[in-house]
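Each remark here refers to the structure printed beneath this line.
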Amino acid sequence: MNIKKIFRPSLLKKFLIAFFVVAMVPLIIAEYFTIHKVEDELKSVLNDQYYLIIDQLMRTVDEVYIGSWVSNLQSTAQFIEDDIESTTETISTLLNAKQNQIDELIILILKLTDSGAQLSAMDNETVVELYNQDPEQVSKLTQYTDDINISNYVIRPPVFLPNSDKLYLPIEVPIVWEDGQSAVLRGVFNLNSILDFVSTKISIGAKELYIVNNEEQIVFSNNEKFISGDTLLYPIMSMVKSSLSGKSRMSKIGPFSYNDIDYLSIFAISQYVQWGIIVTEELTQAYAMVEQAKKDIVKWVGLAIILCVIFSILFARSFSGAMRYMTTIAKKIGGGEFDVKVKVNSKDELGQLGESLQEMAISLGEAVKVKEELFAIQAEVKIASRIQQSILPVGGPNLDGLGFGARYIPMEGVAGDFYDFHVLEDNCVGVLVADVSGHGIPAAMISTMVKVTFSQQSSIAEDASKVLNEMNRLLSGKMEDQFLTAMYLYVDIAKKKLITADAGHCPLYIWRRKDKEMIRVKPKGMIIGFLPVINCPIEETKLKDGDRLVMYTDGIVEAANPEGELFNDDRLINLISTHQDVAPEEFIDIVVAELKKWVGEDKKTFEDDLTMVVMDIGKY
């Protein structure tokens, strides 16, 4: 072969070289960057789609199910703890009632810490069925660990019953009575209800969904590639396992390879159980088409040079126009035009890319509709918040010899805390502080009912016990499975007399400035809403000039720092005695500031509703 002859200059060679340098190279570069623009737009919209899916899954697992279970157990434990006159029979009755009321609860056990004695309630039909299928394993559902001295709720590892193929979650909550005796309330919940909901109600298209535990074992799978009980072999499991140790809660969308196949994936970690939720799929068809298009540029241009220069230019222009059209479509999708119609009259790779873009636009449009519905709900909650704020008193009672301050801070837009007062003749006032169990809109609706019932009690405001008993009569049977704690004070400023009635609420603290003495007032009354008739005894206290009365809800003393330690009554008492000389409103500002420091300045809201009422008697 004559090498010199091959490289000898010729007009055709010069023309082809000039054409390639002048026309084809810029064209290839332009097409390459056009494709990258499309790829960037696709990455943006894909990331939003994956995030919406994983966020919906996390909210379902942590808020709709496990968070609700923890809240219900805590409210039940609080009720048993506050009702110090309860007997074994009344506690057993309550356990049976709660077992039937709380969704997915099959077993409810109360075990005394010292004696080990137990009271229990269970779904007999379900438990008997499980015992018949798995007699050796079902006992694990009722077994406490050796260490039952817990100070906060504990979520134990899920219990798997292999023969019945069922998964259950034990949750334990402590109870400590005033006499020092303690117990642990254990609830066992059906985790399969979460898995059934995820598999039937949450649409993720053709994507793979896995729920794994900290042993890399699959708890739930929506496909046959890896099934429940298998070990998930995807490389992303190393990141998931690290996050289960507490390093992060949610990942960004990212790629990985397994068996020479490329995947996109995102995962999140449950805040309650050692579960990782993983959503993954093979690289989308749109991505594959973009990569194929990059390779085809070289093929098509090379073929065009060999066959015909003119044909190559026309083909390149046609291809460029189609890619610019795809870029425009991707930008429209990225800009929120999900009803865009992709018109590509071809069956080749460009046509498939167009079909992928069309499918993505439809999918994202549906996801955005869900997001818009969430925004609409949030807007309605804001309106409900303004309505709820409007039912609270504006200012305080304008009475000689009474300094007054009050503050209401909801955890969410609406809340279950409430305070109000009746100004009576002869320089007297009746003040109510109440706390509805739970949070959000249901609690807020009940607090509105409390406002109505309290407004009807002005004629009997001097009888503190009768006020709470009458409110219970009006509210009993109307609050579903929720209840209400409340404290009512009747204050006669002229006679320096205080009458206190309590319905399972936080104690009243009286700081006697002259004697530097803290007085705790806590009549032993029953909570409102469970029984049609309750007994709310009163306690009468002689007041002195300079006395400061502090009423509050449990959101203040139960605020937890990042280590889980509660703010507690001792810190509140210290604030009351230390800042005795500031005005009531200024004192409340100090308490709120201290609570924000305690829970962490980075938190935007507290974990419970907060309400405080402060009254100063006479002059000091």
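The values are calculated or read from the model by the stated rules, or taken from the named source; none is laboratory data. Being a predicted model, the structure only gives us computed values, none of them experimental. Don't worry about glycine lacking a Cβ; one is built from the backbone with ideal geometry, like all the others, and counts go over all protein chains shown. For the accessible areas, the whole protein counts, side chains as well, though only heavy atoms, and no ligand, DNA or RNA atoms are used. Shrake-Rupley method; radii C 1.70, N 1.55, O 1.52, S 1.80 Å.
Which residue pairs have Cβ atoms under 6 Å apart, sit 6 or more places apart or on different chains, and have a first residue in region 46-74 that is within 17 Å of Tyr210 (Cα to Cα) and a second that is buried (at least 17 other Cβ atoms within 10 Å of the Cβ) and among the aromatic types (Phe, Trp, Tyr)?
From region 46-74, the pairs are Asp62/Tyr272.
Scanning region 474-510 for residues that are more than 34 Å from the chain's Cα centre (by Cα) and surrounded by fewer than 21 Cβ atoms within 10 Å (Cβ to Cβ), which turns out nearest to Thr76 (Cα to Cα)? Let's see the steps before the verdict.
From region 474-510, those more than 34 Å from the chain's Cα centre (by Cα) are 489-501, 510; that's our starting set.
Filter once more, so that each one left must be surrounded by fewer than 21 Cβ atoms within 10 Å (Cβ to Cβ): 492-497, 499.
On the way: Asp492: 36, Ile493: 38, Ala494: 41, Lys495: 40, Lys496: 38, Lys497: 35, Ile499: 29 Å.
The selected residue is Ile499.
Just checking, how many residues over region 127-138 are in contact (Cβ under 8 Å) with a residue 24 or more places away in the chain and either open to solvent by 40 Å² or more (accessible area, probe 1.4 Å) or farther than 30 Å from Asp165 by Cα (or both)?
Taking region 127-138 as the starting set, the residues that turn out to be in contact (Cβ under 8 Å) with a residue 24 or more places away in the chain are 129-130, 133-134, 137.
This time we only want the ones that are either open to solvent by 40 Å² or more (accessible area, probe 1.4 Å) or farther than 30 Å from Asp165 by Cα (or both), so: 129, 133, 137.
Looking only at that region, the number is 3.
Among the residues of region 174-191, is there at least one that is under 15 Å from Val273 (Cβ atoms) and in contact with a Lys or Arg (Cβ under 6 Å, 6 or more places away or on another chain)?
Residues of region 174-191 that are under 15 Å from Val273 (Cβ atoms), as a first pass: 187-191.
Remaining after also requiring in contact with a Lys or Arg (Cβ under 6 Å, 6 or more places away or on another chain): none.
Within region 174-191, not a single residue is under 15 Å from Val273 (Cβ atoms) and in contact with a Lys or Arg (Cβ under 6 Å, 6 or more places away or on another chain).
Which count do you get for residues in region 69-122 that are open to solvent by 20 Å² or more (accessible area, probe 1.4 Å) and in contact with an Asp or Glu (Cβ under 7 Å, 6 or more places away or on another chain)?
2
Are there any pairs, at least 6 apart or on different chains, whose C-beta atoms fall under 7 Å, with the first in region 490-503 and within 18 Å of Phe404 (Cα to Cα) and the second open to solvent by 10 Å² or more (accessible area, probe 1.4 Å) and among the basic types (Lys, Arg), and if so, which?
As it stands, the answer is Lys496/Lys542; Lys496/Lys544; Lys497/Lys542, since those pairs meet every condition given.
So for region 456-467 (the condition being outside any strand (DSSP E or B), open to solvent by less than 10 Å² (accessible area, probe 1.4 Å) and on the phi > 0 side of the Ramachandran plot), does at least one residue qualify? Step through it out loud before you land on a result.
Within region 456-467, the first condition is being outside any strand (DSSP E or B), and the residues that meet it are 456-467.
Imposing the further condition that a residue be open to solvent by less than 10 Å² (accessible area, probe 1.4 Å) reduces the set to 457, 461, 464, 467.
Applying the additional criterion that residues be on the phi > 0 side of the Ramachandran plot yields none.
Within region 456-467, none of the residues are outside any strand (DSSP E or B), open to solvent by less than 10 Å² (accessible area, probe 1.4 Å) and on the phi > 0 side of the Ramachandran plot.
Please indicate, with yes or no, whether at least one residue in region 356-371 is at pLDDT 70 or above, of a type outside the set (Asp, Glu), crowded, with 16+ Cβ neighbours inside 10 Å and touching a Ser or Thr at 6+ places or on another chain (Cβ under 9 Å).
yes
Name the single residue, out of those in region 511-528 being touching a residue at least 60 places away in the same chain (Cβ under 8 Å) and assigned to a strand (DSSP E or B), that is farthest from the chain's Cα centre (by Cα).
Checking each candidate, the answer is Trp511.
List pairs: first in region 554-572 and closer than 15 Å to Gln78 by Cβ, second open to solvent by 30 Å² or more (accessible area, probe 1.4 Å) and in a helix (DSSP H, G or I), Cβ under 6 Å, 6+ apart or cross-chain?
Pairs that qualify, where the first residue is closer than 15 Å to Gln78 by Cβ and the partner is open to solvent by 30 Å² or more (accessible area, probe 1.4 Å) and in a helix (DSSP H, G or I), are Val557/Asn568; Val557/Asp569.
Would you mind finding the one in Ser265, Ser251, Ser228 that is in contact with a strand residue (DSSP E or B) (Cβ under 6 Å, 6 or more places away or on another chain), buried (at least 21 other Cβ atoms within 10 Å of the Cβ) and of a type outside the set (Asp, Glu)?
Numbers: Ser251 fails: buried (at least 21 other Cβ atoms within 10 Å of the Cβ); Ser228 fails: buried (at least 21 other Cβ atoms within 10 Å of the Cβ).
Residue meeting the stated conditions: Ser265.
Which count do you get for residues in region 94-143 that are part of a helix (DSSP H, G or I) and more than 22 Å from Asp83 (Cβ to Cβ)? Before the answer, list the steps.
Of region 94-143, the ones part of a helix (DSSP H, G or I) are 94-101, 124-133, 138-142.
Adding the requirement that they be more than 22 Å from Asp83 (Cβ to Cβ) leaves 124-133, 138-142.
The number of residues fulfilling the criteria is 15.
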